[in-house]
Number of protein chains: 2
Amino acid sequence: MNTTTRRGRPRKGDARLSREAILTAALEVVDADGAAAVSMRTVAQRLGVDAKSLYHHIDGKEALLDAVAGHVLGGIDLPELTGQPEDDLRAIAQSFRKATRAHPQAAALVLTRQLPSIAALAPVEAVLSVLRKAGASPEEAVHLLRSLLAVVVGSLLREAGAGPAFGVTDEAGIAHRRAELERTGLPAVVESAPYLARCDHEAEFSFAVELAVAATMQRLATPRR
Amino acid sequence: MNTTTRRGRPRKGDARLSREAILTAALEVVDADGAAAVSMRTVAQRLGVDAKSLYHHIDGKEALLDAVAGHVLGGIDLPELTGQPEDDLRAIAQSFRKATRAHPQAAALVLTRQLPSIAALAPVEAVLSVLRKAGASPEEAVHLLRSLLAVVVGSLLREAGAGPAFGVTDEAGIAHRRAELERTGLPAVVESAPYLARCDHEAEFSFAVELAVAATMQRLATPRR
DNA sequence: ACCTGAACACCGTTCAAGT
DNA sequence: ACCTGAACACCGTTCAAGT
């Protein structure tokens, strides 16, 4: 036991409060107890500080959550591009997934907040440049980018447990869910119930990305107008 | 001015409080002031009732929001199927969009909540049956369904102003956004800035759906394994 | 059966002080 | 320049009453 813990007036000579420290503390709260557990008070407590002190460094709770989301998104580790458009698009999508999987409890935050566009610029530049090299016009590249982003966001949102989902990953739950689906009596649902009841998120993500990449390449191969 | 307004003890002989009435009131609050404005107190006030009374009909705030989301999702008006798989998939996607556009402020709620799978069963049955008729196996139909759902959810989430977005719809904002994008100096971003700065949500939705439907049909035309 | 008063343990945020 | 005490106007929710 050393001198780092104190009661009462905390951290006299310790590191000062800073935007960076607040952000880190907030992310710790998210990772530990989920995004719903973030409050000015819980974050401040983790720093041994009064909640009101945070306002000297951050613009309020909404701004704090935006900053956390931006921070996670900024953690994307983009792949080196190979020049093979299909491989590169796949790899960028996977790096996006990796960034959100690093903080599962923060995923919904990242996918759901209106982010300051700047935060996501690096991956956007990467996708656009791959599409341009593959023959897309600057305009078409934007449409394709948005389609790809929709697939990625929609898939990761399902994985984060937000958004409409049907499948479940634990063996116990699958059987129950399957029985539930079969009881609906809807013919196509019943037929697909065994597959609808389970969900391998990684496989589904890859499937969806694969489909989107194939569609993209197919479209670029077809001369337009 | 008639006798419907009262102060103090409200609605003596009026319609009784009910789950249905609470749900409607909550949706009114969402439509009027956004999902963030929903509280047990604001909803109760709209019914001329104490907040605590709601607990006799609903399981708490989270359950209330789930119910509102389910209610909006339940308002989907599915198209009659034509037997043309591509047309049918497109039409189902558009009916999904229509349901969320009917309550724009509730869209994020619908797209973001872990819904009781039952709520979305009708559209799921529709999509699965179209895919089966188009030649998909029960298993492949599920993967394709999930991919399509991801595209739809991701696109609508962008439209709802949640999730990462770049474009803007008002002429005033577009110029500003464009300048901002050009200042980044990222070559592909700069090249596409004029298109990146604006976003026609309906067109982007249709584009993404079109791409996904094309990919789906292409895949079903290719014999698997 | 349904509604509420009193009460509790929380929130985010402002502002005038304190060092 | 940075932090906090006092204070305000909110939250969701429980429980013991009241009708």
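A short reminder: the numbers here are calculations on the coordinates, not readings from a lab. Please read all numbers here as calculations on a predicted model, not as lab measurements. Neighbour counts run over all protein chains shown; Cβ positions are idealised from the backbone, glycine included.
Brief remarks on what is shown
- Residue-by-residue Karplus 3J(HN,Hα) for the stretch A:34-45, coefficients 6.51, -1.76, 1.60, Hz, glycine and proline x: x, 5, 5, 7, 6, 9, 4, 6, 5, 5, 4, 4
- Cβ-Cβ FRET estimate between A:Thr82 and B:Lys98, R0 fixed at 41 Å, reported to 0.05: 0.50
- The H on the amide N of A:Arg198, modeled in the peptide plane, is under 5 Å from the matching H of A:Val168, each at least 5 residues off or on a different chain.
- Per-residue packing, averaged as other Cβ atoms within 10 Å, sorts the ranges A:144-151, B:43-50, A:207-214 into the order A:144-151, A:207-214, B:43-50, beginning with the highest.
- For the stretch B:131-145, putting each phi into the Karplus relation 6.51 cos²θ - 1.76 cosθ + 1.60 with θ = phi - 60° gives couplings of 5, 4, 5, 7, x, 6, 6, x, 6, 5, 4, 5, 4, 5, 4 Hz, in residue order, rounded to whole numbers and with x for Gly and Pro.
- Dividing the convex hull volume of the alpha-carbon atoms in the stretch A:12-58 by its residue count gives 67 Å³ per residue.
- Environment charge of A:Glu86, counting only residues whose C-beta is closer than 14 Å and scoring Lys/Arg +1, Asp/Glu -1: 0
- Loop-located GluC sites (Glu not before Pro) in the stretch B:59-142, at most 13 other Cβ atoms within 10 Å (DSSP): B:Glu80
- Note on the stretch A:78-221: Cα Rg divided by 2.2 N^0.38 Å, N the number of residues, gives 1.20.
- Counting Cβ atoms of other protein chains within 10 Å of each residue's Cβ and taking the mean over peptide B:100-113 gives 2.
- Taking every lysine pair in the protein assembly as shown that is 8 or more places apart or spans two chains, those with Cα atoms closer than 22 Å amount to 5.
- Span per principal axis, largest first, for the Cα atoms of the protein assembly as shown (Å): 66, 64, 53
- Contact order relative to length of chain B, as percent, for alpha carbon pairs under 8 angstrom and 6 or more apart: 16
- Hz values of 3J(HN,Hα) by residue in the stretch A:217-222 - Karplus curve (6.51, -1.76, 1.60), Gly and Pro given as x: 5, 4, 5, 5, 6, 8
- Neighbourhood charge, 15 Å Cβ-Cβ cut-off, centred on A:Asp170 and excluding it, Lys, Arg +1 and Asp, Glu -1: -1
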